[in-house]
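In what follows, a single structure is set out as structure tokens and then discussed.
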Amino acid sequence: MQGILNRWLWLYLAIYIALLVALVKVEGLAPEEPLFVLLVLGGLFSGLAVLVTRKYLGLAVEVRNPASELVMILLWLVPIGVYLVNGPGTVRRLVPDDPWQYFALGLAKVALFVVLPALIFRFMFGYRWRELAPGSLRWHDFHPAIWLSIAMVVFQCVFGRGLRDLREAHASLTVAIPAAVAAFVWLLLEVGVVEEFFFRVLLQERLSRVLRSRMAGIVVASLLFGMIHAPGYYFRSAATHENVGPHPTLLYAVGYSVVVTSVAGIFMGTIWARTRNFAVLIMVHAITDLVPGLLPFLRHMGLI
């Protein structure tokens, strides 16, 4: 079993290094950012997730037809890709003004990544919601979310740009603190529920069953999670808030989606594989995005 785990992990690192070298040599990418993300999320925080769940008994997850369900999920990536290329622009034309545009974009993602796949699994495979996304808020089930969230907030406050950007934007505490609460609630839905339900609960869990390896599920789901962001980086780079420039090449968009974005999938995938607790997963994801996402949230809400 250890050999299988090592092979999948080495495969991910080989793909990662190959794309990073190509980006550095061909595109002139400075390697510091992706290597920092790999070290922190892929190494430090994934290792911390293993540490805080070392005695954790994961919740039971019902998977009835792994192969056929996986095929359905992979097919659903096609309309997701089409939406990520064309959909956000359509939403922006229909709802041109913030904050309604911001919420409309989020709700469109909820429909595409959560509501429609859940309905498919309900009527095609007979699942109930509880069976699809098991979750528990009891202390012995939920405590990894607390420790990982505290560690993430401390790390981002010390080493991240989020607080510095807020100070430079002259955001007052009387505005920032209640906005942080509202932003957290929104992030629970807009990134936590949306991305984790589809990519970890549905996709990774079935990949793990079909490939008979938790590490295989983490690696393949993380690569797909990264790659699904490539259309947005390539066609809508200005709207992604990522460091890809205004007109990235296809190589840059694809490479960046792996060497930066997929690493977050390794971290979140490790949490899911260790806990299989949807509540833990969405809590940590929302907290991870909270500090760097607070200033954009304030701007979308017209508070700064």
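Filtering Gly89, Gly81 for residues that are touching a helix residue (DSSP H, G or I) at 6+ places or on another chain (Cβ under 9 Å), within 30 Å of Gly302 (Cβ to Cβ) and at pLDDT below 95 leaves a single hit, Gly89. Every listed requirement among (1) surrounded by 15 or more Cβ atoms within 10 Å (Cβ to Cβ); (2) within 21 Å of the chain's Cα centre (by Cα); (3) not small (Gly, Ala, Ser) is met by Leu211 save one, (2).
Residues that are closer than 22 Å to Leu84 by Cβ, among the acidic types (Asp, Glu) and part of a helix (DSSP H, G or I): does region 171-192 have at least one? So far as region 171-192 goes, yes, one or more of its residues are closer than 22 Å to Leu84 by Cβ, among the acidic types (Asp, Glu) and part of a helix (DSSP H, G or I). Inside region 213-249, residues that are in a helix (DSSP H, G or I) and modelled with pLDDT of 90 or more make up a count of 14. Here region 19-34 is the region considered, the condition is being surrounded by 14 or more Cβ atoms within 10 Å (Cβ to Cβ) and of a type outside the set (Val, Ile, Thr), and the residue that is nearest to the chain's Cα centre (by Cα) is Pro34.
Considering every residue within region 99-106, establish whether at least one is under 21 Å from the mean Cα position of the chain (by Cα), surrounded by 14 or more Cβ atoms within 10 Å (Cβ to Cβ) and over 24 Å from Met283 (Cβ atoms). Yes, because at least one residue in region 99-106 is under 21 Å from the mean Cα position of the chain (by Cα), surrounded by 14 or more Cβ atoms within 10 Å (Cβ to Cβ) and over 24 Å from Met283 (Cβ atoms). Find the residue count for region 110-127, including only residues that are closer than 25 Å to Tyr234 by Cα and modelled with pLDDT under 95. The number of residues fulfilling the criteria is 0.
Here Gly302 clears all of (1) over 22 Å from Ser136 (Cβ atoms); (2) in contact (Cβ under 8 Å) with a residue 24 or more places away in the chain; (3) in contact with a helix residue (DSSP H, G or I) (Cβ under 6 Å, 6 or more places away or on another chain) except the condition numbered (3).
Within the bounds of region 197-212, is there any residue that is within 16 Å of Met268 (Cα to Cα) and of a type in the set (Val, Ile, Thr)? The answer is yes, given that some residue of region 197-212 is within 16 Å of Met268 (Cα to Cα) and of a type in the set (Val, Ile, Thr). Leu163 meets each of the listed conditions (1) modelled with pLDDT under 95; (2) out of contact with any Cys (no Cβ under 7 Å at 6 or more places or on another chain) apart from (2). Residues in region 202-212 that are charged (D, E, K, R) and part of a helix (DSSP H, G or I) were compared, and the one that is nearest to Leu281 (Cα to Cα) is Glu205.
The values are calculated or read from the model by the stated rules, or taken from the named source; none is laboratory data. These numbers were taken from a predicted model, which means no experiment stands behind them. All Cβ positions, even for glycine, are placed from backbone atoms using ideal geometry, and neighbour counts span all protein chains on display.
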